[in-house]
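S.K.: Okay, handing you the structure first.
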Amino acid sequence: MSSKKMITLKSSDGRIFEVEEAVAQESQTIKHMIEDGYGNSVIPLPNVTGRILYKIIEFCTKHVAVEEDIKQKSVEPTVVVEDVKQKSVEPTVVEDVKQKSVELPVDDDAWDAEPSDIDEWDAQFIDVDESTMFELIVASNYLNIKRLMDLSAQAIADMMKDKTVEEIRKIFNIQNDFTPEEEMKIRNENSWAYE
Amino acid sequence: MAQLPNEILEKILCRLSVKCLLRFRCVSKSWFALISDPYFIKLHLKQSVQTNTNNSLFQRNFDLFRVALDSLHDDDVLQPMKIDSIPLRFRNYGLRSGFSCDGLLCTSNFINALDSLCTSCVYRIGYDNTNDDYKVVRIVVYLILGFGIEYEIKVYSLRSNSWHRPEKFPHCPNWKSFGNSIVCGSLHWISTVKSEKSDLKEESLIVAFDIGTEKYRVLPQPQYRGPYYKLYVDDLGECLSLSCHYKSSTVDMFLLKEYGGKNEHWSRLINATLLKEYGGTNESWLRLAQNIPVPSNHVVKSAAYSNCGKNVLLSMDDDNLVWYDLDSESLEDPRIHADENYSFEVETLAWKIYYDVAEAG
């Protein structure tokens, strides 16, 4: 175990994560909480699920490591899963709860590739399904992690650009509240954009 | 899946092209409102400028052609697309040099252009920071036989949709001495006046007309390395550039750094990335390039930076383009033949704000 200060984070579904302070501080939100004196107790993140928090920690750990110029073969967040006695906690996937540090089952493919370029790593990181992308952008906005926000915003924009209006509505779960006449009027204003 | 809050949606949408955004306006009423909002439009422009995207190359003859630079790859040949659907109301109108700013294109009726041997008419469009407005400056310089040259200046404000005459600068701009665009919020030109100094017959003033305050300012001169016969102003990146044509047939190029600051001065630039600091307390001229060999009576001006910032594209007589390498301080071959009908521009939705304002009267 390193002698670096560790910060404890709790996701909305009760999972506990212990991360190095430098990694936690990639999030400006958490950084301010630490500065306000909350760094010694568990920091609750009620807006972020364990699954997404895990990914975010993976991202922050990687970027901190890159900045510190530490060469790591793979990035593995340390996870401490405790038996939390709350009604809302769903059963954890990991069986041995009493172990100090446990690896959550992850998609092994995520660790196999070792791109030398951080941009390539980012591209692979954000190559996920749409709903995960959305969860990531909402969480990174809440946690105020600019690099991840920019990465996910760009990924979503790239995904959107060749979609039709109907496909966009479906992806973003939006109801069309225009009447057919209103919609036709808007389309005709800039018909060249629909070619 | 819950819907994304507007705060996040904005950050995604501002990365899309104008074409996508116009299409997505009809997704829903709230998307329509968001995309049409002036705040969002400015956010989109800022994003485009910062990430150097949404750039188009416009070509004008009597028709308007456009190439979307973002969709080009290295080996592509430029395929200009003719634009029919831009709402140009008057087909007689053509585009003039200095015709674009933030995606707004300024066209003028050639019949009224008055361009001839005795008259030079110049239009420049720019963004007025002080009043959050777009302005068009029209200057006509004309020869009166037996009298000399005179000039007239008028300014148009998009917000008020009207022309007015600002106060005139006491000295007439030199013939064809205007910068190609409005830079640092001002239109620049050179005025040659009788010198009050005993060792010079005349001197050239570098004049800046601020389109916001509509006031004039005479800029300080750089350190010249010898007697010159001609000065030209232009813009490079977001800075004012000055090309000084010496009598020894060489040209120095200067950039004004920290425009508007206390110690405004021209000095030597080595690193192109130092440029974006005007309004600071150390406004100064930087010598960007020196000793460019130019046959006499030819005009060299700066045109653009390369993407990496290490090369500057120079235009010779508005006819030929040549790359100048800042590191090795040399001109590169080949020379590209061009004409002044090209302009780079950022494509934006900016017109939408002002179109609505003007329409509302």
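The values are calculated or read from the model by the stated rules, or taken from the named source; none is laboratory data. This structure is a prediction, so every number in the text was calculated from the model and none was measured. Methodologically, a virtual Cβ is constructed for each residue, glycine included, from the backbone with ideal geometry; neighbour enumeration extends over all protein chains shown.
S.K.: Hey, among the residues in segment A:137-150 that are more than 9 Å from every other protein chain (Cβ to nearest Cβ) and not basic (Lys, Arg), which one's surrounded by the most Cβ atoms within 10 Å (Cβ to Cβ)?
M.R.: Pass one, segment A:137-150, residues more than 9 Å from every other protein chain (Cβ to nearest Cβ): A:139-140, A:142-148.
Checking which are not basic (Lys, Arg) leaves us with A:139-140, A:142-145, A:148.
Working: A:ALA139: 23, A:SER140: 27, A:TYR142: 15, A:LEU143: 24, A:ASN144: 15, A:ILE145: 23, A:LEU148: 25.
Only one residue fits best here, namely A:SER140.
S.K.: When you scan segment B:1-16, how many residues do you find that are at pLDDT below 85 and more than 7 Å from chain A (Cβ to nearest Cβ)?
M.R.: Counting residues in segment B:1-16 that are at pLDDT below 85 and more than 7 Å from chain A (Cβ to nearest Cβ) gives 1.
S.K.: Now for a separate question. Of all the residues that make up segment B:194-234, how many are among the aromatic types (Phe, Trp, Tyr) and either within 23 Å of B:LEU314 (Cα to Cα) or in a loop (DSSP other than H, G, I, E, B) (or both)?
M.R.: So in segment B:194-234, the residues among the aromatic types (Phe, Trp, Tyr) come out as B:209, B:216, B:224, B:228-229, B:232.
With the extra rule that they be either within 23 Å of B:LEU314 (Cα to Cα) or in a loop (DSSP other than H, G, I, E, B) (or both), the set shrinks to B:224, B:228-229, B:232.
Total satisfying the criteria: 4.
S.K.: Please go through segment A:168-177 and pick out each residue that is at the interface with chain B (Cβ under 8 Å from one of its Cβ atoms) and not basic (Lys, Arg).
M.R.: A:ILE168, A:PHE172, A:ASN173, A:ILE174, A:GLN175, A:ASN176, A:ASP177
S.K.: So which residues in segment A:1-42 are part of a strand (DSSP E or B) and in contact with a Leu (Cβ under 7 Å, 6 or more places away or on another chain)?
M.R.: A:LEU9, A:LYS10, A:PHE17, A:VAL19 - these are the residues of segment A:1-42 that are part of a strand (DSSP E or B) and in contact with a Leu (Cβ under 7 Å, 6 or more places away or on another chain).
S.K.: Listed residues A:ALA193, A:ALA157, A:ALA153; which is farther than 17 Å from B:VAL18 by Cβ, in a helix (DSSP H, G or I) and at the interface with chain B (Cβ under 7 Å from one of its Cβ atoms)?
M.R.: A:ALA153
S.K.: Taking segment B:18-42 as the search range and keeping residues that are at pLDDT 90 or above and small (Gly, Ala, Ser), which one is nearest to A:GLU167 (Cα to Cα)?
M.R.: Top of the filtered list is B:SER28.
S.K.: Suppose we filter segment A:30-49 for residues that are buried (at least 18 other Cβ atoms within 10 Å of the Cβ) and in contact (Cβ under 8 Å) with a residue 40 or more places away in the chain; how many remain?
M.R.: Number satisfying all stated conditions: 3.
S.K.: Name the residues in segment A:178-190 that are facing chain B (nearest Cβ under 7 Å), outside any loop (DSSP other than H, G, I, E, B) and of a type outside the set (D, E, K, R), would you?
M.R.: Going through segment A:178-190, the residues facing chain B (nearest Cβ under 7 Å) turn out to be A:178, A:183, A:186-187, A:190.
This time we only want the ones that are outside any loop (DSSP other than H, G, I, E, B), so: A:183, A:186-187.
Residue satisfying the conditions is A:ILE186 alone.
S.K.: Still on this structure, please answer the following. What single numbered condition from (1) modelled with pLDDT of 90 or more; (2) outside any loop (DSSP other than H, G, I, E, B); (3) surrounded by fewer than 17 Cβ atoms within 10 Å (Cβ to Cβ) fails to hold for A:TRP121?
M.R.: The number of the failed condition is (3).
S.K.: Which numbered condition trips up B:LEU45, out of (1) within 21 Å of A:ASN190 (Cα to Cα); (2) surrounded by 16 or more Cβ atoms within 10 Å (Cβ to Cβ); (3) within 14 Å of another protein chain (Cβ to nearest Cβ); (4) at pLDDT 75 or above?
M.R.: In the conditions (1) within 21 Å of A:ASN190 (Cα to Cα); (2) surrounded by 16 or more Cβ atoms within 10 Å (Cβ to Cβ); (3) within 14 Å of another protein chain (Cβ to nearest Cβ); (4) at pLDDT 75 or above, B:LEU45 misses (3) alone.
S.K.: Restricted to segment A:172-187, and to residues that are of a type outside the set (Val, Ile, Thr) and farther than 16 Å from B:SER36 by Cα, which residue is surrounded by the most Cβ atoms within 10 Å (Cβ to Cβ)?
M.R.: Ranking the qualifying residues of segment A:172-187, first place goes to A:PHE172.
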